[in-house]
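Contents: one structure, followed by commentary.
The values are calculated or read from the model by the stated rules, or taken from the named source; none is laboratory data. Please read these numbers as outputs of a predicted model, since none were measured by experiment. Cβ coordinates were reconstructed from backbone atoms using ideal geometry, including for glycine residues, and neighbour counts include every protein chain displayed.
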Amino acid sequence: MADTPITLRLTIADPVPGVRYSLQKDDAPFEPVTASDGPISFEVPIRLAADNRVLGPFVRREGPQRRFVYIRIGAPAGDCASPWSRRAKIDIHDIPPGLLDQARAGRTLEVVLPGRGKDGSPACATVRPAAGWRLL
């Protein structure tokens, strides 16, 4: 069976205004956007293997199971003048199989992420969603 293309939507609920964010594709920023007062979203095209492994140029791996997507923040997103040099790691290996089945049928999966750390600066490292993945 061939890999199935699916779409993940990563929404940052409260990004820091004026900060540039982008996906990381391979080792470069992809489609950077500068945050304003509202949420920002990134559409992430990936491939889903028959055994539910997630694949593609946006997918990073750590060990035999963990798969994630990076969001670059500040300088790594292409804003050389930014005081921020961060990445947010969004886990995708733990998406429930039932949701992956729905994604195979053409549905988009979304997760909403906090955009700020406790100190008000851009959230980074492993960023945990307030709620789980949902179907759009």
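Here are some notes:
- The single residue among 105, 88, 125 that is surrounded by fewer than 16 Cβ atoms within 10 Å (Cβ to Cβ), of a type in the set (A, V, I, L, M, F, W, C) and within 13 Å of the chain's Cα centre (by Cα) turns out to be 125.
- Residue, nearest to the chain's Cα centre (by Cα), within the range 71-85, restricted to residues that are in a strand (DSSP E or B) and surrounded by 21 or more Cβ atoms within 10 Å (Cβ to Cβ): 71
- Selection count where residues are of a type in the set (A, V, I, L, M, F, W, C), free of Cβ contacts under 8 Å to residues at least 60 places away in the same chain and within 19 Å of residue 39 (Cβ to Cβ), scope the range 89-118: 0
- Of the residues 23, 55, the single one that is surrounded by fewer than 16 Cβ atoms within 10 Å (Cβ to Cβ), on the phi < 0 side of the Ramachandran plot and not polar (S, T, N, Q) is 55.
- Count of residues meeting criterion [over 24 Å from residue 131 (Cα atoms) and either in contact with a Leu (Cβ under 7 Å, 6 or more places away or on another chain) or modelled with pLDDT under 95 (or both)] in the range 9-28: 3
- Cβ pairs under 6 Å, 6+ apart, first in the range 1-15 and of a type in the set (Lys, Arg), second in a loop (DSSP other than H, G, I, E, B): 9/108
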